[in-house]
Amino acid sequence: MGIFDKLKQTLKSSFGNEKLEESLSKTRRGFIDKVVDVFTGREIDDDFYDELEELLIQGDVGVNTSINLVENIRKRADKERIKTSDELKEIFASEIAELMGTEKTMLNLKENQLNIILVVGVNGAGKTTSIGKLTYKLKNEGKRVLLAAGDTFRAAAIDQLKIWGDRNGVDVVAHQEGADPGAVVYDGIQAALARKSDVLIVDTAGRLQNKVNLMEELKKIKRIIDREAEGSLSEVLLVLDATTGQNALTQAKLFKDTADVTGVILSKLDGTAKGGIVIGIKSELGLPVKLIGTGEKIEDMQDFNPESFVGALFSGMEDETNE
Ligand SMILES: Nc1nc2c(ncn2[C@@H]2O[C@H](COP(=O)(O)OP(=O)(O)OP(=O)(O)O)[C@@H](O)[C@H]2O)c(=O)[nH]1
Ligand SMILES: [Mg+2]
């Protein structure tokens, strides 16, 4: 039995998520294939481990995580007296699987009350698009959704959210460009309470005069939510652009500390070879990835399932290893 067939068995139902496999195809080719190449027909020595570590770091797995992974693999190789790098492939795959865990981290939404989801992230990360896709997903799950255009920095941002509102057939609470985002959120909360909405999703600006302003504004929005609808802030979701790799990790640290982020939406996982970032986000930041963006269309969002992720990462590999 090939290594990846074994992994398949371990991961049970995780293979066969075609959309995810397609999204991760660049990551597979640009990162996983290279790593697997290192494992092919090599003597296991210090050079081998150095090269592996280097590749993991380049693959945006994160420095600490890469070092730990290689250390674990080295320990297991010693213990299990493994001599060739081919045998190590399986250990590598299983270490990644173990690091990612099996637990799905779902959105924390409560029944019979308003749930506010605050969506934050730097400009261009994919906040507004993700809100559009998330609205579609929640509506399909039977939730009543309302949107609030808390990004008042640009008129186009308000219009863009309204377009997603129209596509989904949900209302958007909005003020004019330059208005106080706190006032928009206040109105959004009153409207959501009056209509007994299940979910109010708040878009926010990704760019203000400077980072301090941005963080102050997020804090102010949170204060208004606490005052007007205590206990309703169910999620603060940080949207990270997977294509930015290590930069996304740096941004995440900033937001995590000031905005009490509860989870990550990883956007643009399609079209990037930097999918290894998923491994880094979990282990370097301790933040759960809750949703992933797999394209620009309304249905291109999935719950993040670590087993499916590992499965998709290593899919298509069995043919080569069975030869
Ligand atoms: N391929 C792909 N593109 C995406 C995805 N998510 C967002 N995008 C694209 O990324 C670009 C920026 O997305 P926005 O939703 O406008 O980002 P934003 O964070 O709201 O940006 P600002 O409003 O400027 O702060 C758009 O062209 C989106 O279509 C995704 O999962 N996959
Ligand atoms: Mg936006």
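The values are calculated or read from the model by the stated rules, or taken from the named source; none is laboratory data. Values in this document were obtained by computation on a predicted structure and should not be read as measured data. Heads up, the Cβs are rebuilt from the backbone with ideal geometry, glycines too, and the neighbour counts pull from every protein chain shown. Accessible surface is based on the protein model in full, side chains and every heavy atom, while ligands, DNA and RNA are left aside. Shrake-Rupley method; radii C 1.70, N 1.55, O 1.52, S 1.80 Å.
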**Report entry** Value of relative contact order over the chain, rounded to a whole percent, pairs C-alpha under 8 Å and six or more apart
**Finding:** 29
Query - Share of Cα-Cα pairs in the range 115-261 lying beyond 28 Å, as whole percent - result: 11
Query - Potential lengthening between residue 250 and residue 72 on full extension [0.36 nm per residue; Cα-Cα distance subtracted] - result: 61.6 nm
Query raised in the report: Rg to Rh for the range 243-323: what is it, with Cα atoms only and Rh by Kirkwood?
Result: 1.02
Requested in this report: With all protein chains present, calculate the accessible area of residue 186 using a 1.4 Å probe and round the result to the nearest 10 Å².
Outcome: 90
Requested in this report: Determine, from the Cβ-Cβ distance of residue 196 and residue 230 and an R0 of 25 Å, the FRET efficiency 1/(1 + (r/R0)^6), rounded to the nearest 0.05.
Outcome: 0.90
**Report entry** Unit charges on C-beta of K, R, D, E only; dipole of the range 14-152, Debye
**Finding:** 1180
Query raised in the report: Among 129, 258, 294, which one shows the biggest mean-square fluctuation in a GNM of the chain, springs joining Cα atoms closer than 10 Å?
Result: 258
**Report entry** Approximate spin-label separation residue 82-residue 163, in nm, with each point projected 7 Å along Cα-to-Cβ
**Finding:** 4.9
Query raised in the report: For residue 179 and residue 33 in the same chain, what is the full-extension length gain: residue separation times 0.36 nm, less their Cα-Cα distance, in nm?
Result: 47.6 nm
Query raised in the report: Could you give me the ³J(HN,Hα) list for the range 241-251, computed from phi with Karplus coefficients 6.51, -1.76, 1.60 and θ = phi - 60°, whole Hz, x at Gly and Pro?
Result: 8, 4, 5, 8, x, 4, 4, 4, 5, 5, 4
Query raised in the report: Gap in Å between the Cα centre of the range 37-85 and the Cα centre of the range 254-310?
Result: 25
Query - In nm, spacing of pseudo-spin labels at residue 46 and residue 213 (7 Å Cα→C-beta vector) - result: 5.3
Query raised in the report: Can you give the Rg and Dmax of the chain based on its C-alpha atoms, in angstrom?
Result: 21.4, 68
Query - Heavy-atom SASA rank of 223, 74, 154, 28 (probe 1.4 Å, accessible area, largest first) - result: 223, 154, 74, 28
**Report entry** Cα-centre dipole for the chain with unit charges at Cβ (Lys and Arg positive, Asp and Glu negative), debye to 20
**Finding:** 1280
Report summary line: Scoring only Lys, Arg, Asp and Glu (+1, +1, -1, -1) among other residues with Cβ under 12 Å from the Cβ of residue 197 yields +3
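Sorting 22, 90 by accessible area (1.4 Å probe), largest first, what list results? Provide the component values of the computation, followed by the final result.
On the way: 22 125, 90 70 Å².
Putting 22, 90 in descending order of accessible area: 22, 90.
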**Report entry** For residue 119, solvent-accessible area (1.4 Å; no DNA, RNA or ligand), Å²
**Finding:** 0
**Report entry** Most positive-pole-ward Cα, 200, 311, 128, against dipole of the chain from beta carbon charges
**Finding:** 200
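Among bridges DSSP assigns within the chain, what percent are antiparallel (round to 5)?
15
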